[in-house]
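Reviewing the structure listed below.
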Amino acid sequence: MKRRSLFKNAGKLGVGTVAAAASTVVAAPAIAQSMPEIRWRCASSFPKSLDTIYGAAEQMAKRVSEATDGKFQIRVFAGGEIVPALQVVDAVQANTVECGHTAPYYYVGKDPTFAFQTAIPFGLNARQQIAWMYFGGGRELMNDFLKEYSIHSIPCGNTGAQMGGWFRKEIKTIDDMKGLKMRIGGFAGQVLAKVGLVPQQLAASDIYPALEKGTIDAAEWVGPYDDEKLGFNKVAPNYYYPGWWEGGPELDLYINTSQWEKLPKHYQAIVESASAEAHNWMIAKYDAQNPAALRRLVAGGTKLQAFPTAVMEACFAAAEELYTETSAKNPKFKKIYDAWKPFRSEQFLWAQIADNTFDNFMVRQYRANKL
Ligand code: CA
């Protein structure tokens with residue numbers, strides 16, 4: 001009966017119109033069912049004032065909402081609002097929040113293996129890091145490691161190579177590192193401990209007061225744009241580069257596995273795409289904002305200087321030693337390190353040819369006032 005009445009109407013309305021009308025009638029209830037209303041909370045490790053590193057989670061959430069016509073809402077909370085900044089893994093694991101946005105290397109105290117997902121000292125630059133994640137087995141290895149924490153992870157941001165941080169006193173030799181109390185993120189603290197430094201892990205908002213009071217002698221955070229906002233230039237004059245412990249540190253969306261598995265497949269795809277976009281968004285925003293911030297800092301009296309090569313070489317040797325020692329006692333770390341290390345070698349085999357030559361040539365043109 002229905003068929004016949006459709007064909008009858010076809011004569012009046014034209015076939016195309018009927019086909020469109022029919023598909024609307026069939027599809028509407030199906031769409032309602034496949035677009036469930038979902039509300040998630042996302043605990044960030046970062047303060048709202050750091051609009052780029054914090055902003056990436058908001059960017060991701062905004063896209064998820066837009067792509068689902070507002071049906072899937074992810075509300076982002078700043079570090080400390082509902083979860084302490086450095087306890088995002090614990091909260092996601094316990095399902096206190098559905099997801100979090102954090103730097104996995106904050107959790108090296110639980111297991112140093114976390115560091116591979118952000119950065120390990122003398123590791124990969126930002127492009128190499130995402131190449132490892134997408135095509136070098138990184139995502140599979142990290143998500144396998146994260147199973148015991150009930151976490152599914154998605155890359156969601158990168159700062160690009162960071163600065164080495166702010167020091168009250170100049171660093172001329174490796175001996176100047178001895179006894180120095182420094183806020184430093186991730187696995188790097190253990191490398192620097194080998195050369196006598198006393199590492200401290202502090203969340204962004206706690207660094208300035210500690211440096212101002214003299215509780216710490218040095219601090220690193222990210223780079224000119226963020227560091228200027230946090231005001232470190234007001235309390236420590238010497239700004240060193242590069243942050244050899246963070247050549248291309250990644251941020252991740254950490255999602256409770258049971259929550260991830262409950263999501264409809266197309267919502268999963270939307271979260272995946274929104275995170276990839278936020279990843280690009282963050283690094284683009286930092287790259288666009290850092291030059292002007294650096295110019296302002298130097299104009300304001302900041303003494304910009306490179307770490308002496310001998311200091312970096314001593315730290316490189318300490319890092320390699322630490323990786324060998326950690327591999328000997330931690331099979332999870334060893335499994336990833338053994339897969340990661342040849343990838344790093346291959347990346348620098350290639351990077352030295354085109355990128356490095358091009359970048360160096362262009363820097364020489366810049367220094368000769370030709371740009
Ligand atoms: Ca840092």
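What follows is calculated from the coordinates using simple rules that are stated; it is not laboratory data. Here the structure is a predicted model, which is why all the values come from computation and not from measurement. Cβ: placed from backbone, ideal geometry, glycine included. Neighbour counts: every protein chain shown.
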Q: Please list, or write none, the lysines whose alpha carbon is within less than 24 Å of the alpha carbon of Lys71, excluding same-chain residues fewer than 8 places away.
A: Lys62, Lys262, Lys265
(Q) Counting only Cα atoms, I'd like the Rg/Rh figure for the chain, Kirkwood definition for Rh. (A) 1.08
Q: Take every DSSP beta bridge with both residues inside the chain and express the antiparallel ones as a percent of the total, to the nearest 5.
A: 45 percent
Q: Quickly work out the Lys48-to-His266 label distance, labels modelled 7 Å from Cα along the C-beta direction, and quote it in nm with one decimal.
A: 3.3 nm
Q: Give the order of Tyr208, Tyr366, Tyr254 when sorted by the count of other beta carbons within 10 angstrom, beginning with the fewest.
A: Tyr366, Tyr208, Tyr254
Q) How much mean residue ellipticity at 222 nm does the chain get from its helices, if each DSSP H run of length 4 or more adds -39500 (n - 2.57) and you divide by all residues, to the nearest 500 deg cm²/dmol? A) -16500 deg cm²/dmol
Q: List Thr215, Thr326 from most exposed to least, where exposure is judged by having the fewest other Cβ atoms within 10 Å.
A: Thr215, Thr326
Q: Would you kindly state how much longer the chain becomes between Asn280 and Asp90 on full extension, computed as 0.36 nm times their sequence separation minus their alpha carbon distance, in nm to one decimal?
A: 65.7 nm
Q) Ranking Lys262, Lys194, Lys213 by Cβ neighbours within 10 Å, fewest first, what do you get? A) Lys213, Lys262, Lys194
Q | Theoretical FRET efficiency, 1/(1+(r/R0)^6), r = Cβ-Cβ of Gln305 and Arg364, R0 25 Å, to 0.05 | A | 0.80
Q: Take the Cβ-Cβ distance between Arg295 and Glu325 as r, set R0 to 30 Å, and report the resulting FRET efficiency rounded to the nearest 0.05.
A: 0.10
Q: Starting from the Cα-Cα distance between Phe348 and Asp175, subtract it from 0.36 nm times their residue separation and give me the gain in nm to one decimal.
A: 59.3 nm
Q) Gain in length, Leu371 to Asn143, computed as 0.36 nm per residue apart minus the alpha-carbon separation, to one decimal in nm? A) 77.7 nm
Q. What does the highest-first list of 124-135, 298-309, 59-70 look like by mean Cβ count within 10 Å?
A. 124-135, 59-70, 298-309
Q. Efficiency by 1/(1 + (r/R0)^6): what FRET value for Glu81 and Asp355, r their Cβ-Cβ distance, R0 = 41 Å, to the nearest 0.05?
A. 0.55
**Q.** Coil-residue GluC sites (Glu not before Pro) of segment 125-210, DSSP, other Cβ within 10 Å capped at 15
**A.** Glu170
